[in-house]
Amino acid sequence: MPPRLRADRLSKTYGAIAALRDVSLTVRDGEVLGLVGPNGSGKTTLFECIAGVLPADTGTVTIDGRAVETGARGRHLFYMPDAIAPWPSETVSWALDFTVGFFGGAAARRKDVIDRLDLEPLLNRRIGALSKGQRKRALLGVALLTPQGLLLADEPFDGLDFRQTREVGAGLREHAAAGRTLFLSIHQITDAARVCDRFVLLSGGRVCGEGTFEELAALAAMRGAADTGDLEKVVLALT
């Protein structure tokens, strides 16, 4: 079977700044793939180019074996950006219902999503009045109800405390096990190690490695890393 999504040689420049440089990667069907890299490495730009929010200068995106143009990718994937507050005057409950109605989302999952993300106390709160962490959980609720087979989420744990991060991570794993493919941009390496099956390492707009922890650790060892005992050490060695 072809990969769920493949990006081939994506590049994006802003004037003299190269945000992405010939980025290629593969997202396998049913996996949780983590995009890991330092601030400014190009993670958000890469997600925007893959999702079709931002046109890449060069490169192609293939979904289920077929090249998909920028404007048509929303039919195949849902992209949840970081640090947004859509529908600020509407309640969380309204946003969840709107997602089910407008996007054709999974109404049967509504209660499970609310319970897993602890959204019950927030249902009648306006999105614009939520804290950063509360808003993140509400937007994850929206994302988990969308019907597209592939979900891209930029920093899904940003603003969450330790307990919430573990609960949300477990919920994302369950979501993937139920048949959805997840591609997550994650700043905290410990969170990525706990949630993801494989990893794409991005630094300076370039892919520095792709694979499981064991595959990346072997690559780091080949490049002379003395200690590859955990993902953090491997990421530091390769980026």
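Since every read-out is calculated from the coordinates, none of them should be taken as a lab result. Everything quoted here is computed from the prediction, not taken from an experiment. For neighbour counting, all protein chains shown are included, and Cβ atoms are generated from backbone atoms with ideal geometry for every residue, glycine included.
Determine the relative contact order of the chain: mean sequence separation of Cα pairs under 8 Å and six or more apart, normalised by residue count, in whole percent. Each step should come with its number before you reach the end.
Values: 452 pairs, mean separation 62.4, N = 239.
RCO, the chain: 26 percent.
Once you sort the root eigenvalues of the Cα gyration tensor of region 1-70 as a ≥ b ≥ c, which label holds: rounded (a/c under 1.5), prolate (a/b larger than b/c) or oblate (the other case)?
Numbers: a/c = 2.36, a/b = 1.44, b/c = 1.64.
It is oblate, given that a/c is not under 1.5 and a/b is not larger than b/c.
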Eligible aspartates and glutamates near Lys43 by straight Cα distance, threshold 17 Å, same-chain separation 8 or greater: Asp8, Asp22, Asp57, Asp82, Asp154, Glu155, Asp158, Asp191, Glu210
Using Cα positions and a limit of under 29 Å, work out the lysines in reach of Lys111, with same-chain residues fewer than 8 apart set aside. Lys132, Lys136
Taking every other residue with Cβ under 11 Å from the Cβ of Arg21 and scoring Lys and Arg +1, Asp and Glu -1, one gets +1
When Arg137, Arg109 are ranked with the fewest other C-beta atoms within 10 Å first, the list becomes Arg109, Arg137
Have a look at Ser185, Ser11, Ser131 and tell me which one the Gaussian network model of the chain (Cα, springs below 10 Å) gives the largest fluctuation. Ser131
Across every pair of different alpha-carbon atoms, what Kirkwood hydrodynamic radius in Å does the chain reach? 18.3
Calculate, in whole percent, how much of the Cα-Cα pair population of region 19-120 lies beyond 22 Å. 45
Alpha carbon centroid spacing (whole Å) that separates region 207-235 from region 94-134: 38
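How about region 193-239: which GluC sites (Glu not before Pro) there lie in a loop by DSSP and see at most 14 other Cβ atoms within 10 Å? Don't skip to the answer; put the middle values down first.
Details: sites: Glu210, Glu214, Glu215, Glu232; in loops: none.
Qualifying residues, ordered by number: none.
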Along the dipole axis of the chain (charges at Cβ: +1 for Lys and Arg, -1 for Asp and Glu; origin at the Cα centre), the most positive-end residue among Leu140, Leu216, Val92 is Val92
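Less than 13 Å Cβ to Cβ from Phe213, Lys/Arg counted +1 and Asp/Glu -1: what total charge do the surrounding residues give?
Numbers: positive: Arg194, Arg198, Lys233; negative: Asp197, Glu210, Glu214, Glu215, Asp230, Glu232.
That works out to -3.
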Using a Debye calculation, one point per C-alpha and no hydration shell, please list log10 I(q)/I(0) for region 85-147 at q = 0.26 Å⁻¹ in order. -1.10
